[in-house]
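**Student:** Structure provided below as structure tokens; questions to follow.
The values are calculated or read from the model by the stated rules, or taken from the named source; none is laboratory data. Computed from a predicted model, the values in this text were never measured in an experiment. Backbone-built Cβ (ideal geometry, glycine too); neighbour counts: all protein chains shown. Protein only, heavy atoms only, side chains kept; ligands, DNA and RNA dropped before computing areas. Shrake-Rupley method; radii C 1.70, N 1.55, O 1.52, S 1.80 Å.
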Amino acid sequence: MATPAVPSGDSSAGTPTETAERPDVKVVSNATCTFCGCVCDDMELTVEGNRIVKARNACVLGKAWFFNHHIEDRPEATIEGRPASYEEAIERAAEILCNAVYPVTYGLSDTTCEAQRVALAITDWIGGTVDTTTSVCHGPSGIAFQEVGEVTCSLGEIKNRADFLVFWGGNPAESHPRHFTRYSLMPKGEFVPNGRKDRTAVLIDVRKTKSAKAVDIFLQVKPRSDFELAWAMRALVRGIEPDPSVERKTGVSLEVLRDVVERMKQARFGVILFGMGLTMTRGKHLNSEAVLALARDLNRHTRWTAKPMRGHGNVTGADNVVSWTTGYPFGVNLGRGYPRFNPGEFTTADLLARGEADAALIIASDPMSNFSQPAREHLKRIPVIVLDPKETETSRIATVAFTTATYGINTGGTVYRMDDVPIPLRPAFDSPYRSDYEILKAIEWRVREKQLAASAG
Amino acid sequence: MAETFIIIPGRTSRQGTTLNEGKYTSGYREETGTLQMNPQDMQRLGLQDGDRVRVWNDHGSVVVPCKAARGDELPEGILFISYGDVSSRLMGGDTHGSGMPDSKGFDVFLEPVGQSTDAKDAVAGP
Ligand code: SF4
């Protein structure tokens, strides 16, 4: 499949007045913002040449995303920091991957599903490990899904039905600014015709963040006690009186908790939207598991669901693509010719910190800025191939680095919103750089040529 | 004297906007390189906005300027810093078999650093 060109149909046609006066200006309607997991697909972008100058409907983060992805003057590819031709870079990348014994493919949450599929195919051909940024985001929730399942729903159901919202361990006002206004708290929906007035909202967090102002009830939980709080709530839902020591542990009085749980039981449609305050804190998957089980328990009384708040634009797509291809969501080793899933063993943070991986293919991620010191140290020692639209700490240490077109702004394709709904992209303008898909496809091709030549020879 | 705190790295609106402007912009570096503290904790330690503190644990050590958190956002004993290079320097490599290092809510020591701090105390970075 070729990377779709800038659409020339209705969606990108300029409005008559604007294009008549300014032929270099066009308006792209229903474009998609891929900065965060909300994946808002109602953007109206005004494009002048290769710059987006207006992004109607975008939040402050979306605007920053659209206005700062103009074309930078950087080499298309570098090898060991020196500008190189595209062909040389593909050759070197294929060579690194074919020579590696225990390579890892990592990142993938900021690229299209089409590119994710190719990255997986390469990993399969070379018998490597594929892992995505999910492992350091909602990976623990992925483990929890396997333990207790997920009572799930779409954001559309939340918008149209949810009269009770619990935000837990997240700060959507700053991390997903349009979640409140477009999907959860504010919008008027079919069964909540008065929008905000028809909904009750609770925030559970250690910090009294900006999101606290938006809700009706704020439960300030002590750090590292979400697990205990969730289990106390589970007990109350089941009519069991929790041990009073839970008050001291969590900082939330049982009286308040009883009241909140009673209200939750009386909701018509409730949803718990949980963030990385649960997954990144001690307890990790056990925290997610407790909250998912709480939603499940509440279904004894009324309809409740639980959804993780996903961060990157297509991290949900990465989970979907890796799951439908291998059966597991992240941290999958393909070295034996069949998939094996083992967080802690096949997850990148571990593979690098323990000094195991001997090459890395990193797509649209910056582990050199985000990983632990031992992991960074190891990454510096091994050959690394990086695909990224921007210069990063990881591209700076890369053996082979490709400058790429930005997904959603320059390239089409598919991404998954945080509720597992696939959304098409409508690019705004062409980039002189290639897409992740095209580069990965070329690497895959070259890897196969080398493998076939080796087996024939 | 050093005190123990719990640090929570996290996202902020400014971290998100400056990230798009670029990881090498002064805005991003400032946002991800400034520690937010509870105002009472700052007062107790004789700290003012902009004063530098050393924050460390078994995994790393950073020296960063601090500032008072907005309103009552942070309880006493809790520190906040925007996600980024600096916060990751305090993160260990062990994931306890989960794939996820302890990335929020972990213990650190903190002590004020005099104005005359040697340049070598500054956060190592590119
Ligand atoms: S909420 Fe997220 S997807 Fe929507 S416009 Fe803002 S950054 Fe983009």
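**Student:** Taking a quarter of the surface of the convex hull around the Cα atoms of region A:17-66, what do you get in nm²?
**Tutor:** With the hull built on Cα positions only, its mean projection is 3.3 nm².
**Student:** What is the distance in Å between the Cα centroid of region A:120-185 and that of region A:402-425?
**Tutor:** Computed from Cα coordinates, the inter-centre distance equals 17 Å.
**Student:** Sorting check: for A:305-312, A:41-48, which peptide has the highest mean count of neighbouring beta carbons within 10 Å, and how do the rest follow?
**Tutor:** Working: A:305-312: 26.1, A:41-48: 19.4.
By packing density, highest mean first, the sequence is A:305-312, A:41-48.
**Student:** Moving on to the next point. With +1 assigned to the C-beta of every Lys and Arg and -1 to the C-beta of every Asp and Glu, and no other charges, what is the dipole magnitude of region B:26-97 about the Cα centre in debye, to the nearest 20?
**Tutor:** Dipole of region B:26-97, to the nearest 20 debye: 200 debye.
**Student:** Next question, about the same structure. Measuring from centroid to centroid over Cα atoms, what is the spacing of region B:8-54 and region A:53-68 in Å?
**Tutor:** One Cα centre to the other: 24 Å.
**Student:** Related question: Considering all projection directions equally, how large on average is the shadow of the alpha-carbon convex hull of region A:164-255, in square nanometres?
**Tutor:** 6.5
**Student:** Let me ask something else. State the antiparallel share, in %, of DSSP beta bridges confined to the protein assembly as shown, rounding to the nearest 5.
**Tutor:** Given both bridge residues lie in the protein assembly as shown, the antiparallel proportion sits at roughly 50 percent.
**Student:** Still on this model: Residue by residue through A:343-349, how many Cβ atoms from other chains fall within 10 Å of the Cβ on average?
**Tutor:** 5
**Student:** Go through A:Val256, A:Trp168, A:Ala290 and say which Cα lies farthest out towards the positive end of the charge dipole of region A:139-308; charges sit on Cβ, +1 for Lys and Arg, -1 for Asp and Glu.
**Tutor:** Positive-end residue among those listed: A:Trp168.
**Student:** Could I ask something else about it? If I take the Cα coordinates of region B:3-124 and project them onto the principal axes, what are the three extents in Å, biggest first?
**Tutor:** In descending order, the Cα extents are 40, 34, 33 Å.
**Student:** Shifting gears a bit: Let me cross-check B:Lys67: its accessible surface, 1.4 Å probe, with only protein heavy atoms counted, in Å² to the nearest 10?
**Tutor:** Accessible area of B:Lys67: about 80 Å².
**Student:** Please calculate how many Å² of accessible area the protein assembly as shown carries per residue, with a 1.4 Å probe and no DNA, RNA or ligand atoms counted. Don't jump to the answer; show the numbers that get you there.
**Tutor:** Numbers: 22490 Å² over 583 residues.
Spelled out: the 1.4 Å probe surface of the protein assembly as shown, per residue, equals 39 Å².
**Student:** Determine the dipole magnitude for region A:17-66: charges of +1 sit on the beta-carbon of Lys and Arg, -1 on that of Asp and Glu, nothing else is charged, the reference point is the Cα centre, and the result goes in debye to the nearest 20.
**Tutor:** Working: 6 positive and 7 negative charges, 32 e Å.
That gives region A:17-66 a dipole magnitude of about 160 debye.
**Student:** Further, regarding this structure: So if R0 is 25 Å, what FRET efficiency would A:Glu72 and A:Asp24 give, r being the distance between their Cβ atoms, rounded to the nearest 0.05?
**Tutor:** 0.80
**Student:** Right, something else. Starting with the highest mean, order A:114-120, B:103-109 by the number of other Cβ atoms within 10 Å, averaged over the residues of each peptide.
**Tutor:** Ranked by mean Cβ neighbours within 10 Å, highest first: A:114-120, B:103-109.
**Student:** Right, another one. As a check on your grasp of the helix formula, calculate [θ] at 222 nm for the protein assembly as shown: sum -39500 (n - 2.57) over DSSP H runs of n ≥ 4, divide by the residue count, round to the nearest 500.
**Tutor:** Roughly -9500 deg cm²/dmol at 222 nm, from the helical runs in the protein assembly as shown.
**Student:** State the antiparallel share, in %, of DSSP beta bridges confined to region B:3-124, rounding to the nearest 5.
**Tutor:** In region B:3-124, DSSP labels about 70 percent of beta bridges as antiparallel.
**Student:** When only alpha-carbon atoms count, how far does region A:139-308 stretch along each of its three principal axes, as whole angstroms with the largest first?
**Tutor:** Its Cα atoms span 41, 32, 31 Å along the three principal axes.
**Student:** Now a separate question. Taking a probe of 1.4 angstrom, what is the accessible area of B:Asp102 in Å², to the nearest 10?
**Tutor:** 40
**Student:** Then there's this: So in region A:357-457, what percent of DSSP beta bridges are antiparallel if you round to the nearest 5?
**Tutor:** Among the beta bridges of region A:357-457, antiparallel pairing accounts for roughly 30 percent.
**Student:** From the mean inverse distance of alpha carbon pairs (Kirkwood) and the Cα radius of gyration, derive Rg over Rh for the protein assembly as shown. Kindly include the intermediate steps, with their values, before the conclusion.
**Tutor:** On the way: Rg = 23.8 Å, Rh = 24.7 Å.
Ratio of gyration radius to Kirkwood radius for the protein assembly as shown: 0.97.
**Student:** Quick one: what are the phi-derived ³J(HN,Hα) couplings along region B:11-23, Karplus 6.51/-1.76/1.60 with θ = phi - 60°, whole Hz, x for glycine and proline?
**Tutor:** Working through the residues one at a time gives 8, 10, 4, 5, 4, x, 6, 6, 4, 5, 5, x, 6 Hz.
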